[in-house]
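Undergrad: First the structure, which I've put down as structure tokens, then a few questions once you've had a look.
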Amino acid sequence: MLSLGSGAGKSAKPSFVSYVTPEEIKITEKENSRKEKHPDLLPGEVVFCSTSPILKYTQDDLSQRGVFGTLLCTNFRISFVSDENPSEEAHLFKNKLYGENDIPLTCVDHIYGGYDEKKKLITGGLVRNKYPSKIIIHCKDLRVFQFSLTYAKEEEAKKIFQGITHHSLEPKSLKCIFAFSYCEKATPAPEMQKTHRTVMFDTVEDWTQEMKRTKGNCKVISSNENFGLSPMLPQFFIIPMSVLDEDLTNFQGKGLPIWCWSHHSGCALFKTASLPLMQEDGFSQTYKIYMERMLNAVAQNHLYSVKTEELSDTLPTILDVQQSYSRFKQFFLIDNTTEFWLSDVKWFSSLESSGWLDIIRQCLQKAVEVVECLEKENTNVLIMEEDGSDLCCVISSLVQLMIDPYFRTLAGFQSLVQKEWVAGGHSFLDRCNHLHQKDKECQSPVFLLFLECVWQLLQQHGPAFQFSETYLTVLSDSLYVPIFSTFLFNSAYQRSSTGKAESPQAQRGLLNCPTVWDWSLQFERRAQDLFTNPLYAEKTKLDKSLRKTYRAKHQRQLSLPSSAFKTTSKKGFFKEETDSLKKMLRVKRISRWLHSPDSAQASTREFYEAWQRKPLDYHGVVLPCLDGPSVRVWMQRYLRWIHEVQIFGGGAITVMSKLADLAGEVQELRGELDRQGCQTDSNHRRAAASRGRSSVRLSSAFPFVTSRAWSYKPAIPTSLLQSLMITGTMAHRHDDDAEDAEALGVV
């Protein structure tokens, strides 16, 4: 069972207080001569240092119990290998790249040291001093690990401590990321390319096809394929027809309206990087003329109408996002049971004070405002920010999710991320801080903020989304796995220039670097079935034909004030009068957003209520409810590792499991009625997955945590309960928290 060791072959000193018996403490010669256990290494993975015996603490209480094993640090992960024999229980949702006791180096958030019962944040100075007796690792996926170094030899304990802190916290170069070692050694997966349905947007054809799909009226630019125009611009992108070629080289691409998506009425959504404010009159005048020309180009895309929005004026900065999330996540990084219940007393008020849920609400609010302009007013929209690759990506992606049902499918959502985030040049490397740089201003969980907003839409309109909550959670975890090229670079230029290695072998290895969408690298097929939402309302062929008829007589188009100015199909008929009228309206139709929050919210509320009164169509526009109780905490992601909040045999996953079972039975019956046995391979796999889940004891943390040998204890430790009752404030705190819960909508 448990074994303690120091390598000296002697019994433990009487001063050591343990909860195990002296027989378990005694170290035999057999245990002395045992070899350290290592995990199965990935291609290109190298062990830097390892130490045993190390005690990995459990988090259920303060009894200092745990399991002994070997602690390793490689160029990919921190890994703990238990001395106990692995359980024979089959794990349905096992990650093939790293295990439950593995921490990718880029997933390490903070490391604390236990010095004389005091918890101190590890910095460079502390690393050079004496090593702590305990290491506490907080991960970016919100896992918490505690390791005791007491039982290892002093030199080995110091070595593993310094190795972990150096490789997981010290700044490094891009070439030190494990993906480069992995790509040189790993063999490519050719079958992935054959079955890949995700549009990568790395060719002209991909962008042309997307333009045709949305019936847009812009032009595809391919002259930046080798980044000759600007390293800030994508290799391929789409701009309004009236933008001149000489405008492409001005200001390194800043101010250039990049096409995002076209509405079926003809208007479109654009984004751009704002031009810097200049004090010199000459430059200011040049910038003004250039921006007026770009705005006119956007306006000419449809009815000479455009609304612009500087996102920095109405949304938090990326620094605000970082600070808010840093406060928010602390309430889910729990070291022990007592700490959890102490934080639970003021949990709701603490969540509200962090401001994270409010930032999510603001982003959804802004996206609804853009949807209103596109859907109701049929007006072109140009959103702007400093770099055009942070909050612009969030808002443009949310708008497309709300309007276009294609992006609510699994393949469509992955294509959306490729288009708006990867090809759009989001700085994943800096925002995720994969290189552990000290510059805090560059770090910000912007992509996680987007996933949070998507989760809000998913939990409010489940049948409209083909992918599940589990898919979003896994995608957020994959953000910190240093293997996938999707999340490793700041721009398309950096991705391309890094691939041009001097060594042909290195270049060939980088080209094999996989994308995160190759889910077979992480999960088996049965586990991937959990990415699909069993409640998804698939669109039938009959519905498709009805939607075409409905689009031809769109109700909103019949009442647009600008519909009277559309050019007739006959060229030359009232042409001069129409052109003259457009010129008169041009300046008036180019306008900025109303900056009054009250008027904007009132308009959005009216638009939402009008949408809500219409028949529900999961393949049409979906809008989020933004009232306080409706914006909730993403429970699966934030609470899955906290044992005290798990509901065995309960939670949302139990309902989903039952629904999946019913969906599988319905599909089998349909197959029998159609005399086909089973309609599609996906139907067969979903039914098989639901049958597989029925044999597993579910909890609210499924599939990330299954039924383990957790000790069942009172909900609140007795000592803590007594202290709370003695103070006499527990009832008052409960009432206050109940009010906060009602305001936040957290259950």
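The values are calculated or read from the model by the stated rules, or taken from the named source; none is laboratory data. Note that the structure is a prediction, hence the values are computed from the model and not measured. Note that we place each Cβ from the backbone using ideal geometry, even for glycine, and neighbour counts take in every protein chain shown. For the accessible areas, the whole protein counts, side chains as well, though only heavy atoms, and no ligand, DNA or RNA atoms are used. Shrake-Rupley method; radii C 1.70, N 1.55, O 1.52, S 1.80 Å.
Undergrad: If amide H atoms are built 1.01 Å from N in the plane of the peptide, which residues on other chains or at least 5 residues away come under 5 Å of the amide H of VAL633?
TA: When sequence neighbours closer than 5 places are left aside, the close amide H contacts are VAL747.
Undergrad: How far is it, in nm, from the label point at GLN601 to the one at ASP358 when both lie 7 Å from their Cα along the line to the Cβ?
TA: Each label point is offset 7 Å from its Cα along the Cβ direction, giving 1.1 nm.
Undergrad: If each residue of separation counts as 0.36 nm, what is the full-extension length gain between THR203 and VAL655 once their alpha-carbon separation is subtracted?
TA: On the way: separation 452, 0.36 × 452 = 162.72 nm, distance 4.25 nm.
So the chain would gain 158.5 nm between THR203 and VAL655.
Undergrad: Here's something else I'd like to know. Using a Förster distance of 41 angstrom, determine the FRET efficiency expected from the C-beta separation of CYS176 and ASP627, and round it to 0.05. If you can, show how the numbers build up before the last one.
TA: Working: r = 47 Å, r/R0 = 1.15.
The formula returns an efficiency of 0.30 here.
Undergrad: Can you work out ³J(HN,Hα) from phi for every residue in region 631-636, in order, using Karplus 6.51 cos²θ - 1.76 cosθ + 1.60 and θ = phi - 60°, giving whole Hz and x for Gly and Pro?
TA: 8, 10, 7, 6, 4, 4
Undergrad: Please give the peptides 169-178, 47-56 ranked by average Cβ packing (other Cβ atoms within 10 Å per residue), highest first, as a rough proxy for protection.
TA: Numbers: 169-178: 15.0, 47-56: 20.8.
Ranked from most to least packed, the peptides come out as 47-56, 169-178.
Undergrad: Using only the Cα atoms of region 240-380, construct the convex hull and provide its projected area averaged over every direction, in square nanometres to one decimal. Each step should come with its number before you reach the end.
TA: Numbers: hull surface 48.5 nm².
That works out to 12.1 nm².
Undergrad: Considering only LEU351, LEU295, LEU374, whose Cα is most displaced toward the positive end of the charge dipole of region 293-394, charges sitting on Cβ of Lys, Arg (+1) and Asp, Glu (-1)?
TA: LEU374
Undergrad: Same structure again: Once fully extended, how much extra length lies between SER312 and ARG327, figured as 0.36 nm per residue of separation less the alpha-carbon to alpha-carbon distance? All intermediate terms of the calculation are to be shown ahead of the outcome.
TA: Values: separation 15, 0.36 × 15 = 5.40 nm, distance 2.17 nm.
Working it through step by step, the gained length comes to 3.2 nm.
Undergrad: Let me ask something additional. For the pairs LYS307/LYS438; LYS134/LYS172; LYS120/LYS346; LYS94/LYS658; LYS346/LYS440, note any where the Cα-Cα span goes beyond 31 Å. The partial results should precede the final answer.
TA: On the way: LYS307/LYS438 39 Å; LYS134/LYS172 25 Å; LYS120/LYS346 24 Å; LYS94/LYS658 22 Å; LYS346/LYS440 28 Å.
Over 31 Å Cα-Cα: LYS307/LYS438.
Undergrad: Give me the Å³ per residue figure for the convex hull around the C-alpha atoms of region 389-463.
TA: 89
Undergrad: Give me the percent of the accessible area of region 349-403 that comes from carbon and sulfur atoms, probe 1.4 Å, all protein chains in place.
TA: Details: 420 of 1020 Å².
Exposed carbon and sulfur together represent 41 percent of the surface.
Undergrad: A further question on this structure: At 1.4 Å probe size, with every protein chain present, just tell me what the per residue accessible area of region 148-281 comes to in Å².
TA: On the way: 6620 Å² over 134 residues.
That works out to 49 Å² per residue.
Undergrad: Let me ask you something else. Compute the length gained on full extension between LYS96 and GLN252: take 0.36 nm times their separation in residues and subtract their Cα-Cα distance, giving the result in nm to one decimal.
TA: Numbers: separation 156, 0.36 × 156 = 56.16 nm, distance 4.24 nm.
Going from the current span to full extension adds 51.9 nm.
Undergrad: Turning to a different aspect of this structure: For region 418-491, which whole percent of the accessible surface, found with a 1.4 angstrom probe, sits on carbon and sulfur atoms? Please list the in-between numbers first.
TA: Numbers: 650 of 1420 Å².
Of all accessible area on region 418-491, carbon and sulfur atoms account for 46 percent.
Undergrad: What is the ratio of the Cα radius of gyration of region 313-376 to 2.2 N^0.38 Å, where N is its residue count, to two decimals? Display every interim value, and only then the final one.
TA: Details: Rg = 15.8 Å, N = 64, 2.2 N^0.38 = 10.7 Å.
My calculation over the Cα atoms of region 313-376 gives 1.48.
Undergrad: Considering only protein heavy atoms, what per residue accessible area in square angstrom results for region 318-373 with a 1.4 angstrom probe? Don't jump to the answer; show the numbers that get you there.
TA: Values: 1830 Å² over 56 residues.
Result: 33 Å² of accessible area for each residue.
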